[in-house]
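K.L.:
There's a structure below that I have some questions on.
Rule-based calculations on the coordinates, nothing more; no lab input. Here the structure is a predicted model, which is why all the values come from computation and not from measurement. Every residue, glycine among them, receives a Cβ derived from its backbone with ideal geometry; neighbour counts consider all protein chains shown.
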Amino acid sequence: MKKDIQVTGLGNALVDLQYEVSEDELSELEFEKGMMTLVDADKQKQVMAKFQNRTHNRCSGGSAANTIIAFAGFGGTAAYQTHLGADNLGDYYFKEFEELGIQLHAQQIDTDPTGTCFVMITPDSERTMVTHLGATALHAKKHINPELAKRSEWLYIEGYKFSEQDSTHAVHHSVELCKEYDTKIALTFSDRFIIDVFRERLDYAVNNADLIFCNDVEACAYTNLKSGREAFDKLCQTVENVCVTLGKDGSLVKWDGKVYEIPPYRARLADTTGAGDIYAAGFLYGIIDTGEAELAGHLASYSASLVVSQLGARLDRSHKAFKNKIYEAHKLGRLK
């Protein structure tokens, strides 16, 4: 079968609700700042009720979904596997993906609502997320479509999937299918707490991955080292290809045996939501489209600088326009 999909994402389906809050408001809720906390439906309703009359931004998301949406924005062919509730938010999610030209393979169930991620952005631009997975937590091995593994060049796996037993089985089954159908595997760690709590589940995917994405905090947690650069070197001994973001210090990329230091692009920090997601999208698109790791790294780094300069994980500008800007700079030898 011809591989007519460049990247299929396997991740949670969440509708992101983004609010600007004060440090005092966040402190009152007693969630760890800068982290993602899983909560039940009642707790999520309590948090949302506190800000119910405040203006906010809404968009379909989830970490891997953000990556797939950006990848499609660059011009890539993409698909996504997940679970939704049979409710208004589930219908909204389906409609958005249809409008974005992404193949969405998702069952809508009436036993649980569509998942939501309540994103609180403090004045220092840090984001703290409170997530109720809802229907997406029920995405299990039996729901995986083998045809997508056959049709896809890459599978992109979201680390958050390892927080649930059913979705972990779905990921592990997908990895097995990818090995059978010669589909490459990319994995993002997603969050430090996934490493801290679900290390054994994560390791199976790491050991079978062709490419790993993580930030320096996650890299250090995974390798038990204190320096992002040392952690990168350690990861390079385990995984064939690695991308580690270092915040204001840029990123480190190992691709096909060669290491690249990718400089940061200057940005006016507004909100860090989605920086890692769009970095992965930029790198995947660049490496699939051109095969040039340095160019892919620059596209990834520049993309991340743009998304942190605005509110929300979805860029409010043409992806193809700034992709072409990076491509032209590379062609003329003017990359940093």
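K.L.:
Of all GluC sites (Glu not before Pro) in region 1-56, which ones are in loop regions per DSSP and have a Cβ with at most 11 other Cβ atoms within 10 Å?
P.N.:
GLU30, GLU32
K.L.:
May I pose another question? What is the Cα centroid distance between region 183-228 and region 261-329, reported in whole angstrom?
P.N.:
Rounded to whole Å, the Cα centres lie 21 Å apart.
K.L.:
Using unit Cβ charges (K, R positive; D, E negative) and no other charged atoms, how large, in debye to the nearest 20, is the dipole of region 201-336 about its Cα centre?
P.N.:
540 debye
K.L.:
Same structure again: Within region 132-218, which GluC sites (Glu not before Pro) sit in a loop by DSSP and count at most 12 neighbouring Cβ atoms inside 10 Å?
P.N.:
Answer by residue number: there is no such site.
K.L.:
Let me ask another. Which trypsin sites (Lys or Arg not before Pro) in region 1-38 pass both tests, a DSSP loop state and at most 11 other beta-carbon atoms within 10 Å?
P.N.:
Sparse-neighbourhood loop trypsin sites (Lys or Arg not before Pro): LYS2.
K.L.:
Rounded to the nearest 500, what is the chain's calculated 222 nm mean residue ellipticity when only DSSP H runs of at least 4 contribute -39500 (n - 2.57) each, over all residues?
P.N.:
-12500 deg cm²/dmol
K.L.:
Check cross-link reach from LYS336 to the lysines: straight Cα distance under 19 Å, and skip same-chain residues fewer than eight apart.
P.N.:
List returned: LYS248, LYS254, LYS258, LYS323, LYS325.
K.L.:
Further, regarding this structure: Would you mind working out the magnitude of the charge dipole of the chain relative to its Cα centre, with +1 at each Lys and Arg C-beta and -1 at each Asp and Glu C-beta, to the nearest 20 Debye?
P.N.:
Dipole size: approximately 960 debye.
K.L.:
If you rank CYS243, CYS220 by fewest surrounding Cβ atoms within 10 Å, what's the result?
P.N.:
Listed from fewest to most nearby Cβ atoms, that is CYS220, CYS243.
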